[in-house]
Amino acid sequence: MGRVRVLAIDGPSGAGKSTLAARVVDGLTARGCRTALVSTDAFATWDDPVAWWPQLVDGVLRPLAGGLPGAYRRMDWTTGVPRPGELVRVAVPDVLVLEGVSSGRTSVRPLLSHLCWLEGGSEAGRLARTVERDGAAARAELARWQRFERGWFAVDGTAEAAGTRLS
């Protein structure tokens with residue numbers, strides 16, 4: 001993608017993608033690498049888990065590929081109902097770390113420098129971690145999200161396409 005290298009960290013909810021991505025960014029930054037992190041959580045909602053992708057392409061991926069800064073509106077959940085929130089600007093980095101469910105989708109793979117798949121253990125264990133993180137009131141939505149993910153990843157073949165697979 002132009003001069004920007006793109007690392008996608010994909011896998012099911014509760015697998016630890018955000019934690020791994022933050023560690024990667026910290027490590028690269030400590031080595032003097034200009035790094036940006038964009039999470040698919042900034043775009044996805046319960047009712048729109050993946051169809052928002054053109055916003056990411058048009059706002060971030062396409063501009064960065066052309067050597068220009070990108071921007072997107074982060075989803076604001078403060079009222080409990082998702083709505084467009086703050087504008088997030090993305091300076092042109094050496095490495096863009098794109099993390100979250102669907103970050104390694106088929107349509108973006110030609111732009112990726114590397115795809116990392118993080119399994120994160122059993123579905124029940126991942127659900128427990130996401131409920132702990134998001135609260136018990138979100139359990140039904142999180143379980144529904146997991147059912148969606150199961151189908152998404154099976155059709156997309158994300159894990160099989162990954163250059164690195166972590167459990």
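Taking H placed 1.01 Å from N in the peptide plane, check which residues at least 5 places from E119 or on another chain put their amide H under 5 Å from its amide H.
Long-range HN contacts for E119: L166, S167.
Check S39: other-chain or 5+ apart residues with amide H under 5 Å from its amide H, H built from backbone geometry?
Those qualifying (amide H under 5 Å, at least 5 residues apart or on another chain) are E99.
Taking amide H positions as placed 1.01 Å from N in the peptide plane, with prolines and chain starts having none, which residues 5 or more places from M75, or on another chain, fall under 5 Å of its amide H?
Counting only residues 5 or more places away or on other chains, the set is F43, G85.
Want the number for R31 to R139: 0.36 nm per residue separation, take away the alpha-carbon distance, what's left? Display every interim value, and only then the final one.
Details: separation 108, 0.36 × 108 = 38.88 nm, distance 3.94 nm.
Contour length minus Cα-Cα distance gives 34.9 nm.
Per residue, how much accessible area does the chain have with a 1.4 Å probe, in Å²? Mind dumping the intermediate values first?
On the way: 8570 Å² over 167 residues.
I get 51 Å² per residue for the chain.
To the nearest Å, what is the center-to-center distance of segment 119-145 and segment 1-23, using C-alpha atoms only?
If we compute the Cα centre of each part, the gap is 19 Å.
Tell me whether segment 111-167 comes out rounded, prolate or oblate; compute the Cα gyration tensor, take square roots of the eigenvalues as a ≥ b ≥ c, and use a/c under 1.5 as the rounded threshold.
prolate
Using a simple charge model, +1 on the beta-carbon of Lys and Arg, -1 on the beta-carbon of Asp and Glu, nothing else, what dipole does the chain show about its Cα centre, in debye to the nearest 20? Write down the numbers at each step before the final one.
Numbers: 21 positive and 18 negative charges, 71 e Å.
Charge dipole, the chain, about its Cα centre: 340 debye, nearest 20.
Given the rule -39500 (n - 2.57) for each run of at least 4 DSSP H residues, summed and divided by the residues of the chain, what is its mean residue ellipticity at 222 nm, to the nearest 500 deg cm²/dmol?
Details: 6 runs with 56 residues, N = 167.
Taking each H run of at least 4 residues, the total per residue is -9500 deg cm²/dmol.
Rg and Dmax in Å for the chain, alpha carbons only: what are they?
Both quantities, over Cα of the chain: 15.4, 43 Å.
Normalised by the residues of the chain, what does the relative contact order come to in percent, with Cα pairs under 8 Å and at least six apart? Spell out each step's value before the answer.
Working: 281 pairs, mean separation 58.2, N = 167.
Taking the mean separation of contacting Cα pairs over the length of the chain, I get 35 percent.
Counting only protein heavy atoms and using a 1.4 Å probe, what share of the accessible area of the chain belongs to carbon plus sulfur, as a whole percent?
Its accessible area is 56 percent carbon and sulfur atoms.
In nm, what is the difference between 0.36 nm times the number of residues separating S113 and T78 and their Cα-Cα distance?
9.2 nm
The values are calculated or read from the model by the stated rules, or taken from the named source; none is laboratory data. This is a predicted model, so every value here is computed, not measured. Backbone-built Cβ (ideal geometry, glycine too); neighbour counts: all protein chains shown. Side chains included, ligands, DNA and RNA excluded: accessible areas come from the protein's heavy atoms. Shrake-Rupley method; radii C 1.70, N 1.55, O 1.52, S 1.80 Å.
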